[in-house]
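Okay, structure first, notes after.
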Amino acid sequence: MAKRGGFPGGGMPGNMSNLMKQAQRMQRQMEESAKELETAEFTATAGGGAVEVTVTGKKEVTKVKLDPEAVDPDDVEMLEDVIMAAVNEALRKADEASAANMAKLTGGLGGFGL
């Protein structure tokens, strides 16, 4: 008579153990990658290089560099727009790096709905 319940052949518990080990290893890798990403810097320019902005992976602006010729007291609005464009581009680069990093780590997990 066949056994009820349990795992046929005893293979599943070993597979579950391996799966848990892989999950723990992936979690460590994700934590390490997140730390690296937080300290990475992403720089973007706008206005033909008149404005340069640097942000971290934590999305903190760490540097804003302005070409003195970009500072026109009669057209402050243009400078504001150029700064905003540079900040948004630097943040987009940080987001892309984060997404690429996550895809690299989870690339083999498509079957789990992640």
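The values are calculated or read from the model by the stated rules, or taken from the named source; none is laboratory data. The shown structure was predicted, so the numbers you read here are calculated from the model rather than taken from an experiment. Please note: Cβ atoms are built from the backbone with ideal geometry, for glycine as well, and neighbour counts cover all protein chains shown.
Tabulated values for the structure
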read-out	value
Residue in region 57-67 that is surrounded by the most Cβ atoms within 10 Å (Cβ to Cβ), counting only those that are of a type outside the set (Lys, Arg) and within 13 Å of Leu91 (Cα to Cα)	Gly57
Among residues of region 5-62, those that are among the basic types (Lys, Arg) and modelled with pLDDT of 90 or more, counted	2
Number of positions in region 18-65 that are of a type outside the set (D, E, K, R) and in a loop (DSSP other than H, G, I, E, B)	6
Any pair with Cβ under 9 angstrom, 6 or more apart, that starts in region 78-98 at a residue that is free of Cβ contacts under 8 Å to residues at least 24 places away in the same chain and ends at one that is surrounded by 13 or more Cβ atoms within 10 Å (Cβ to Cβ) and of a type in the set (Lys, Arg)	Asp95/Lys59
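Yes or no, residue by residue, for (1) among the polar types (S, T, N, Q); (2) in contact with a Phe, Trp or Tyr (Cβ under 7 Å, 6 or more places away or on another chain); (3) buried (at least 17 other Cβ atoms within 10 Å of the Cβ):
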{"site": "Val55", "(1), (2), (3)": "no, yes, yes"}
{"site": "Glu69", "(1), (2), (3)": "no, no, no"}
{"site": "Glu77", "(1), (2), (3)": "no, no, no"}
{"site": "Glu80", "(1), (2), (3)": "no, no, no"}
{"site": "Ala86", "(1), (2), (3)": "no, no, yes"}
{"site": "Arg92", "(1), (2), (3)": "no, no, no"}
{"site": "Asn101", "(1), (2), (3)": "yes, no, yes"}
{"site": "Thr106", "(1), (2), (3)": "yes, no, no"}
